[in-house]
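Structure record follows, encoded as structure tokens.
Computed from the coordinates by the stated procedures, all read-outs in this text should not be read as laboratory data. Worth saying up front: this structure is predicted, and the values here are computed from it rather than measured. So basically every Cβ, Gly included, is an ideal-geometry build from the backbone, and we count neighbours across all protein chains shown.
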Amino acid sequence: MIDWLFKGRGKMHITTRSIQAIVKEMNKKARIGKNVHPHTLRHSFATHLIKNEYAVTDVQPLLGHSSPETTMIYAHIASPRMLRVESPYDSL
């Protein structure tokens, strides 16, 4: 039996196209004003983990990277200046 991350109806999974459409619609509803794609969620996930002091070696398998150098990109994205920015959700 296959367990899908995003289950659809019955035993099927949600298609890539459906996920793209959902992200596009949610971006529109949120009035973000920038292009957001499913891969943006992946980048955000990884950056937030690094920001919250998870080790690159812990994040690496979650992203499916074979090399820690690939995951290190997110450590560079999470610059000290950016790490001081608080998410509006942090105050909830």
Seminar exercise, completed: A correct Karplus calculation of ³J(HN,Hα) over segment 11-19, with 6.51 cos²θ - 1.76 cosθ + 1.60, θ = phi - 60°, whole Hz and x for Gly and Pro, returns 9, 8, 10, 6, 6, 4, 4, 5, 5
Exercise. If amide H atoms are built 1.01 Å from N in the plane of the peptide, which residues on other chains or at least 5 residues away come under 5 Å of the amide H of His13?
Worked result: Gly8
For this session: Quick one: grab the alpha carbon gyration tensor of segment 1-51, order the square roots of its eigenvalues as a ≥ b ≥ c, and give me rounded if a/c is under 1.5, else prolate or oblate depending on whether a/b is larger than b/c.
Result: oblate
Problem set entry | Förster-model FRET efficiency, 22 Å R0, Thr57 and Trp4, C-beta, rounded to 0.05 | 0.20
Exercise. What list do you get for Phe6, Phe45 if you sort them by fewest beta carbons within 10 Å?
Worked result: Phe6, Phe45
Exercise. Using a simple spin-label model with points 7 Å from Cα along the Cα→Cβ vector, what separation in nm is obtained for His39 and Met26?
Worked result: 1.8 nm
